[in-house]
């Protein structure tokens with residue numbers, strides 16, 4: 001929240017115009033709230049803003065946001081895991097009320113769809129990527145999962 | 001007079017609205033979700049009101065939560081931006097009931113244009129040509145309609161817009177599964193699973209007309225061409241639409257104004273047309289009763305601030321612009337930079353942006369809410385910014401676009417920057433006037 005907007009796009013354009021007519025190739029502006037770098041790049045210019053120095057540090061945002069949670073473990077008690085290929089909301093069925101794609105005891109092949117991850121308003125099918133039998137379902141229907149989070153435990157095929 | 005404006009949106013458009021409101025001396029209150037508490041728009045708004053938790057169904061899409069937050073913050077107007085509740089008649093009605101001005105058209109216009117089937121009827125009344133098709137509430141109805149319309153066909157969300165819930169069906173065998181997917185996407189995005197079917201015109205161009213109306217009259221601010229799309233998501237937009245014969249171009253403008261006049265339209269709106277790339281016959285597709293993502297290209301060629309016009313009209317001021325005074329000059333192109341891995345089937349790429357270096361300088365405009373260190377949350381759409389370039393001619397603008405894209409550098413998440421470099425270098429794009437199949441014909445690895 002601010003009392004004054006920082007520089008407007010028009011201000012930045014004016015700064016570029018002044019620099020363009022000079023011998024300077026770079027301007028760096030540090031305030032308590034942001035850093036702005038205006039840099040000559042070939043025949044043109046670039047602008048880079050950084051607001052992460054103020055208030056909420058990048059570290060805090062990282063912890064609070066599932067988008068930036070690191071991938072989880074590869075296995076679950078020694079058994080392979082089907083992990084979420086991207087962060088989002090996990091759905092076990094194609095539609096509310098419909099039967100789930102897979103359930104405990106079902107056999108899966110690499111191209112079996114085991115669920116849907118809704119990310120950025122798009123429904124992304126999740127494929128098993130391995131062969132085996134579903135032993136446990138770790139992620140609850142309709143909940144947020146992180147990138148790499150374990151969704152389903154698969155038991156090796158007992159041929 | 002609007003004194004306290006509640007911005008019921010997020011991302012670049014929230015920031016865009018805050019900038020113009022600030023210039024007009026209006027206090028801004030950003031209605032943000034928990035996930036956007038530390039976003040750039042939240043840092044730059046005068047005040048922040050939390051409208052709910054991260055998922056948009058409980059925050060940005062919740063009429064009750066947004067209206068309650070707007071009331072509690074003593075806002076006298078709400079700007080809905082695009083997407084979310086921007087074309088939701090119930091939301092506009094709830095705002096009015098709370099004594100808050102909705103920055104958008106009258107409820108009657110929202111209802112007429114928000115339902116795509118009613119929009120077709122109204123357009124026919126206004127004398128505009130439409131594409132053959134109709135509603136399909138169930139799979140059975142869809143099969144019947146499909147039989148009438150023929151393949152390939154399009155499935156569209158009745159409450160939709162922006163390509164969400166839209167699917168192309170090439171064969172009868174695919175119909176059922178694509179209906180299910182279109183209905184669940186429509187439900188997720190708009191809270192309304194209804195869809196309708198339309199004939200697919202193979203060599204079509206997507207051309208739209210920006211209009212402004214004050215209830216008493218309407219004017220046009222020229223055309224935009226948005227034919228470069230992937231799965232009905234626009235990637236590149238330009239103004240004016242290139243390579244259309246003057247008489248057909250003029251007819252498009254007139255048709256759009258005719259519809260706006262027929263509706264006694266109040267606000268900014270966009271009338272979308274499908275233009276046959278060979279005959280230049282055109283069909284009304286829909287009218288978006290809100291500001292569009294691609295509005296900056298119109299601003300670049302007309303010099304009109306469309307957000308300012310929206311706020312003035314919402315304030316019941318008569319249009320201060322005269323049709324003869326609004327003459328688009330030069331050419332502008334916008335590319336949408338999305339956090340998507342375009343080499344991996346456009347998989348969304350949420351996460352932290354370690355570095356964001358955007359182009360700067362004359363004839364370059366960047367609308368973004370993401371700077372170095374910013375976070376792209378997984379809950380919302382993938383747009384992280386828009387690069388807009390302009391020039392005296394289309395040729396100038398294309399050359400500037402290519403140069404600006406070379407300087408653009410985003411690290412930490414995957415983006416569509418590389419794809420746009422390919423497009424900017426594609427001879428078909430350089431020539432201009434491509435149809436909506438452009439993307440399929442793009443050679444990429």
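Quick notes
- Residue within the range B:196-210 that is within 20 Å of the chain's Cα centre (by Cα) and outside any strand (DSSP E or B) present: no
- Enumeration of residues in the range B:45-56 that are more than 21 Å from residue A:122 (Cα to Cα) and either in contact with a helix residue (DSSP H, G or I) (Cβ under 6 Å, 6 or more places away or on another chain) or assigned to a strand (DSSP E or B) (or both): B:45, B:47, B:48, B:49, B:50, B:51, B:52
- Candidate set from the range A:65-81 (those that are under 18 Å from the mean Cα position of the chain (by Cα) and either assigned to a loop (DSSP other than H, G, I, E, B) or more than 8 Å from chain B (Cβ to nearest Cβ) (or both)); member that is modelled with the highest pLDDT: A:65
- Test: residue in the range B:186-193 that is within 18 Å of residue B:112 (Cα to Cα), part of a helix (DSSP H, G or I) and modelled with pLDDT under 85: yes
- Residues satisfying the stated conditions in the range B:388-397, i.e. touching a helix residue (DSSP H, G or I) at 6+ places or on another chain (Cβ under 6 Å) and either in a helix (DSSP H, G or I) or surrounded by 24 or more Cβ atoms within 10 Å (Cβ to Cβ) (or both): B:388, B:389, B:390
- Every condition in (1) within 12 Å of chain A (Cβ to nearest Cβ); (2) crowded, with 21+ Cβ neighbours inside 10 Å; (3) out of contact with any helix residue (DSSP H, G or I) (no Cβ under 6 Å at 6 or more places or on another chain) is met by residue B:13 except one, and the failing one is (1).
- Residue ID - farthest from the chain's Cα centre (by Cα), chosen from residues in the range A:102-133 that are part of a loop (DSSP other than H, G, I, E, B), free of Cβ contacts under 8 Å to residues at least 40 places away in the same chain and within 16 Å of residue B:347 (Cβ to Cβ): A:121
- Scope the range B:104-117; condition modelled with pLDDT under 90 and part of a helix (DSSP H, G or I); matching residues: B:114, B:116, B:117
- Members of the range B:65-90 found to be free of Cβ contacts under 8 Å to residues at least 40 places away in the same chain, over 21 Å from residue B:185 (Cα atoms) and touching a helix residue (DSSP H, G or I) at 6+ places or on another chain (Cβ under 8 Å), listed by number: B:65, B:67
Here is a yes/no grid of residues against (1) touching a strand residue (DSSP E or B) at 6+ places or on another chain (Cβ under 9 Å); (2) surrounded by fewer than 19 Cβ atoms within 10 Å (Cβ to Cβ); (3) under 19 Å from residue B:131 (Cα atoms):
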| site | (1), (2), (3) |
| --- | --- |
| B:239 | yes, no, no |
| B:251 | yes, yes, yes |
| B:255 | yes, no, yes |
| B:271 | yes, no, yes |
| B:274 | yes, no, yes |
| B:278 | no, yes, yes |
| B:283 | yes, no, yes |
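The values are calculated or read from the model by the stated rules, or taken from the named source; none is laboratory data. Since we're looking at a predicted model, the values are computed, not measured. Note that we place each Cβ from the backbone using ideal geometry, even for glycine, and neighbour counts take in every protein chain shown.
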